[in-house]
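Trainee: Can you keep this structure in mind? I'll have questions shortly.
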Amino acid sequence: MAHDYISHDDLRKWQPSHIVNTLINEVDRNAAETVKVYIGREPVPEDSLPLNREDYEAMQFLPLGTQVGFEPSKLGKLWNALAKLALHIGIPTSKDVTVNQYGDVEKIACKVREALAEIREVSEGTLAFVGIGGQEVSFECSCGAKNKRRLELLNDGQTVNCIRPNCNESYKYEQADMSFVRRVFEVVCSCCNYSNSIPQNIIDKLPTNRAYLLICSGCGENNYLSWELNVVQRTMPLTTD
Ligand SMILES: [Zn+2]
Ligand SMILES: [Zn+2]
């Protein structure tokens, strides 16, 4: 549901609790909160707007449904505990170490019951939401995809990757004028000096042992880009591995 508001790339990791926390921080503060939704029995006549608190209190509301909240960190711990007890096998550090092929049935059953109780509680919910209310900002990616974000959850300078899978475009959010600036790497063609803008993500993801073929938009000539290791003069403290 949240993919209108966040790309797969911006979720970054895959662990469930991390994903939920990212959604809370970047898409909807209430993503893991208990929320009850009601609807007014009668439609509000258009000429009666704006309504005040008393008007709302005088109305009759019918329940639509409930999203049951949960603690991402608690579910994250259960997830890790189950993986440790029942999924992974230890790798011995030497041949003298015995490897247990099977987990402890009692411990596993106990953890499974604990997890089921949590999951059952969440499954009682009848609705799930992404982003109720709050101002929305949007921009159109050069690929044509419409990207939306909640204004209150955007930080100055934040990188937003396009929501379309396989789109390489990303944008930098500039708070001052609420704009999204395309992140590009400029490559001046070795043949005609035309400046080609290529998506920054292509450079960031370029493996060190590969070359990227750029066909110049100015003259059609092939240009190749690759990483190069340089010897640097040590003029300031460097961290080394
Ligand atoms: Zn795109
Ligand atoms: Zn060229």
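Trainee: Hey, what did the range 185-225 get for relative contact order, percent, Cα under 8 Å, at least 6 apart?
Mentor: It comes to 36 percent, rounded to a whole number.
Trainee: Roughly how compact is the chain, stated as its Cα Rg over 2.2 N^0.38 Å to two decimals? Numbers along the way, then the final one.
Mentor: Values: Rg = 26.1 Å, N = 241, 2.2 N^0.38 = 17.7 Å.
My calculation over the Cα atoms of the chain gives 1.47.
Trainee: Among the aspartates and glutamates, which have Cα under 12 Å from the Cα of Lys172 when same-chain residues fewer than 8 positions away are ignored?
Mentor: Partners within reach: Asp156.
Trainee: In addition: What Kirkwood hydrodynamic radius, in Å, does the range 81-127 give when the mean of 1/r is taken over all pairs of distinct Cα atoms and then inverted?
Mentor: 12.8
Trainee: For the chain, set up a GNM with springs between Cα atoms under 10 Å and report which of Ile119, Ile202, Ile39 has the largest fluctuation.
Mentor: Ile39
Trainee: To continue, here is another question. Could you grab the relative contact order for the chain? Cα pairs under 8 Å, six or more apart, rounded to a whole percent.
Mentor: 16
Trainee: Under a plain spin-label model, where a point goes 7 Å from the Cα along Cα-to-Cβ, how far apart in nm are Lys74 and Ser123?
Mentor: That separation, rounded to one decimal, is 1.7 nm.
Trainee: Can I ask one more? Using only the alpha carbon atoms of the range 73-203, find the Kirkwood hydrodynamic radius as the inverse mean reciprocal pair distance, in angstroms to one decimal.
Mentor: Kirkwood hydrodynamic radius for the range 73-203: 20.2 Å.
Trainee: Moving on. Running a GNM on the chain with Cα contacts under 10 Å, which residue among Arg53, Arg149, Arg120 ends up with the highest mean-square fluctuation?
Mentor: It is Arg53.
Trainee: Roll a 1.4 Å probe over the protein chains and send me the accessible area per residue for the chain in Å².
Mentor: 73
Trainee: Might you report the magnitude of the Cβ-based charge dipole of the chain about its Cα centre, with Lys and Arg at +1 and Asp and Glu at -1, to the nearest 20 debye?
Mentor: Result for the chain is approximately 1020 debye, rounded to the nearest 20.
Trainee: Something else now. Place the peptides 216-229, 93-106, 16-29 in order of packing, highest mean first, counting for every residue the other Cβ atoms within 10 Å and averaging per peptide. Mind dumping the intermediate values first?
Mentor: Values: 216-229: 12.3, 93-106: 8.2, 16-29: 17.8.
In descending order of packing, they fall as 16-29, 216-229, 93-106.
Trainee: Mean residue ellipticity at 222 nm from the helices of the chain, using -39,500 (n - 2.57) per DSSP H segment of n ≥ 4 over the full residue count, to the nearest 500 deg cm²/dmol?
Mentor: -6500 deg cm²/dmol
Trainee: Can you list the lysines whose alpha carbon sits under 25 Å from that of Lys107, skipping same-chain ones fewer than 8 residues off?
Mentor: The reachable lysines, counting only those whose Cα sits under 25 Å from Lys107, are Lys74, Lys77, Lys84.
Trainee: Once you keep just the Cα pairs under 8 angstrom separated by 6 or more residues, what percentage relative contact order results for the range 32-123?
Mentor: 30
Trainee: On to the next question. Placing +1 on the Cβ of each Lys and Arg and -1 on the Cβ of each Asp and Glu in the chain, which of Asn21, Pro92, Met1 has its Cα farthest towards the positive end of the resulting dipole?
Mentor: With unit charges placed on the Cβ atoms, the residue in question is Pro92.
Trainee: Counting Lys and Arg as +1 and Asp and Glu as -1, what is the net charge of the other residues whose Cβ lies under 14 Å from the Cβ of Leu64?
Mentor: Details: positive: Lys36, Arg41; negative: none.
Counting the neighbours of Leu64, the net charge comes to +2.
Trainee: Ok, one more. Just report the Cα centroid separation between the range 137-194 and the range 41-98, whole Å.
Mentor: 30
Trainee: With a bin width of 10 angstrom, please list the P(r) values of the range 1-134 as percents of all Cα-Cα pairs, from the 0 bin to the one holding the largest distance.
Mentor: With 10 Å bins starting at 0, P(r) equals 10, 26, 26, 19, 11, 5, 3, 1, 0.
Trainee: Put Cys143, Cys189, Cys167, Cys110 in order of accessible area, largest first, 1.4 Å probe: what do you get?
Mentor: Largest accessible area first, the list is Cys110, Cys143, Cys167, Cys189.
Trainee: What do you reckon, how do Arg150, Arg210, Arg182, Arg234 stack up by accessible area (1.4 Å probe), largest on top?
Mentor: Working: Arg150 20, Arg210 145, Arg182 90, Arg234 180 Å².
Ranked list, largest accessible area first: Arg234, Arg210, Arg182, Arg150.
Trainee: Could you tell me the accessible area of Phe180 in Å² (1.4 Å probe, neighbours in place), rounded to the nearest ten?
Mentor: 30
Trainee: Still on this structure: In the Gaussian network model of the chain, springs joining C-alpha atoms below 10 Å, which of Ser179, Ser142, Ser190 carries the largest mean-square fluctuation?
Mentor: Result for the chain, Cα springs under 10 Å: Ser190 fluctuates most.
Trainee: Counting other Cβ atoms within 10 Å, keep those with at most 15, restrict to DSSP loop, and tell me which GluC sites (Glu not before Pro) in the range 109-183 are left.
Mentor: Glu124
The values are calculated or read from the model by the stated rules, or taken from the named source; none is laboratory data. It should be emphasised that the depicted structure is a prediction, and the values quoted were computed from it without experimental measurement. All Cβ positions, glycine included, derive from the backbone under ideal geometry; neighbour counts span all protein chains shown. Heavy atoms of the whole protein, side chains included, go into the accessibility calculation; ligands, DNA and RNA do not. Shrake-Rupley method; radii C 1.70, N 1.55, O 1.52, S 1.80 Å.
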